[in-house]
Structure formats: C-alpha cells, structure tokens
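Take a look at the structure below.
Each value in this text was obtained by applying a stated rule to the coordinates, not by laboratory testing. Quantities reported herein were computed from a predicted structural model and do not represent experimental measurements. We place every Cβ from the backbone using ideal geometry, glycine too, and count neighbours over all the protein chains shown.
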Amino acid sequence: MNDDLLQTVEHETGSPVDASILWLHGLGANGHDFEPIVPELVLDGIRVRFVFPHAPMREVTLNMGMEMRAWFDVYGLDRRARQDEEGIRESERQTRALIRRERNRGVPADRIVLAGFSQGAAIALHTGLRYEEPLAGILALSTYLPLHQAFDAEASGANRATPIFQAHGNADPMVAISLGETTRDFLKERGYSIEWKDYPMPHAVCPDEVADIRAWLERRLLPAG
C-alpha cells in the first residue's frame, strides 16, 4: 500500500460546498454502499460534500482469507482477539490524506464530519480522536474502538470536546452491542461527549437511526443562531 489517495464516490448537495462528510464503509462493501442515504441527509442551508472512499482490497483472515475491500484484517470478533495494527494505522494515514484534501479544497477541519459503519467506523473513531485539529463531529455506527490500549498515549486534545454520535443494533450478530457499549463507556470515562442510541436491528442501519443521524448532523453543521 502507499500514500496515494483512495478512490472515492462523491455527491454534493449544493455549491459552493461549506461542509464535508467523509463516510467509510464496512467490511466487504465499497464506497457506493451508503450512496442511497444522501437524499435522506440533505440539510437545508448547508451545502455538503459527501465523500465515500473505497477501502483497499486485502485478504481477510476471518473470512477464510478471501480478498475483499477492508480497512484492516480481522482475526476474530472478540475484544481480546489480535488486531491488525499495521492495517489500522495504514487506513488512518489514508483517511488523514482524505481529510487533508478536503482542507485543501477549502473546507476547514471544524466543518468536516468523520463517519463510518462497522469497520469503517472503527477507523473513523481511531483517526478522528487522534486528529490534531478539531473536527465537526464523529459518527460511529455499529462499531468499536480499535487499539484501545494505545489510546491514552495517542489521543489528541484537539478533539477532546468533539461530539460523537454512536449507534448500534441490539440484535447485531457481527459486532456485538457489548463491544459498542464498552467503547462508549471507555470514552465517557475519559470525558468525551457521546450521544448513544441503540435500535432493534441486526448489523444494519434503520430508518429511525437515519432520522437521528440527520438531526445530529443538523446540530453539528447548521450555523449557530
């Protein structure tokens, strides 16, 4: 892998853009996975660029070594399972490069939301809470915080007050809700602002969740007053 920018799918809800939402897909999906959500998240008075990157192709141990789009390798679904630190940190670098591109396009860091689902949300949390400038918010769906043992030494004070929306299905067979709850409690103990929601659903996104995401984005991105 290298530092070249990942390929992305992009949608703008108006011009000139005054906010960006960088949304990372889950394991085995691609940047088109969350395209259908864009019309449901059009916000009055905000011109948003949605950026949906494609994760690199890699072999995934948990899926019998099959090659698929993945932000990092997965060895197990238990919190105690070995983690692919090299893959996680490579995806952090690639995500930082996409944030940097939005900055170079004229969108300040505090108008950028870092979002994701499942494995993509793990990278969103990992990267966003280490980023050196305050972001508008972090949206973490059906996920957990990877490399939590290194967190206290690496977390950035710049995003200590950044709002986090964390949501999970209470019937999730892939990423157990207990993993999400553990992450929520871990971050709350360190003073982070977490808005937590759970829904009667599996490893998915539901209409009530989308409505809550929209309301949260409005609070993060609408101009004050």
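Below are the figures for this structure:
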read-out: Checklist (1) part of a loop (DSSP other than H, G, I, E, B); (2) surrounded by 24 or more Cβ atoms within 10 Å (Cβ to Cβ) applied to Tyr131, failing item; value: (2)
read-out: Test: residue in segment 46-53 that is aliphatic (A, V, I, L, M) and closer than 20 Å to Arg184 by Cβ; value: no
read-out: Wholly enclosed strands (runs of 3 or more DSSP E) of segment 1-80 bearing at least 1 residues charged (D, E, K, R); value: 8-12, 48-53, 57-60, 66-69
read-out: Whichever residue in segment 155-170 is of a type in the set (A, V, I, L, M) and in contact with a strand residue (DSSP E or B) (Cβ under 9 Å, 6 or more places away or on another chain) and, among such residues, is farthest from Thr143 (Cα to Cα); value: Ile164
read-out: Search result, residues across segment 103-125 that are small (Gly, Ala, Ser) and either in contact (Cβ under 8 Å) with a residue 60 or more places away in the chain or not in a helix (DSSP H, G or I) (or both); value: Gly106, Ala115, Gly116, Ser118, Gly120, Ala121, Ala124
read-out: In segment 1-45, the residues that are under 21 Å from Asp110 (Cβ atoms) and touching a Gly at 6+ places or on another chain (Cβ under 8 Å); value: Pro16, Val17, Trp23, Leu24
read-out: Of all residues in segment 161-205 being part of a helix (DSSP H, G or I) and within 16 Å of the chain's Cα centre (by Cα), the one that is surrounded by the fewest Cβ atoms within 10 Å (Cβ to Cβ); value: Leu179
read-out: Residue within segment 82-102 that is part of a loop (DSSP other than H, G, I, E, B) and closer than 19 Å to His126 by Cβ present; value: yes
read-out: Positions within segment 39-57 being surrounded by 18 or more Cβ atoms within 10 Å (Cβ to Cβ) and either free of Cβ contacts under 8 Å to residues at least 40 places away in the same chain or basic (Lys, Arg) (or both), in sequence order; value: Arg49
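Every residue, every condition in (1) in contact with a helix residue (DSSP H, G or I) (Cβ under 7 Å, 6 or more places away or on another chain); (2) touching a residue at least 12 places away in the same chain (Cβ under 8 Å), yes or no:
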| position | (1), (2) |
| --- | --- |
| Met66 | no, no |
| Arg69 | no, yes |
| Asp73 | yes, yes |
| Asp78 | no, no |
| Ala81 | no, no |
| Asp84 | no, yes |
| Gly87 | no, yes |
| Arg96 | yes, yes |
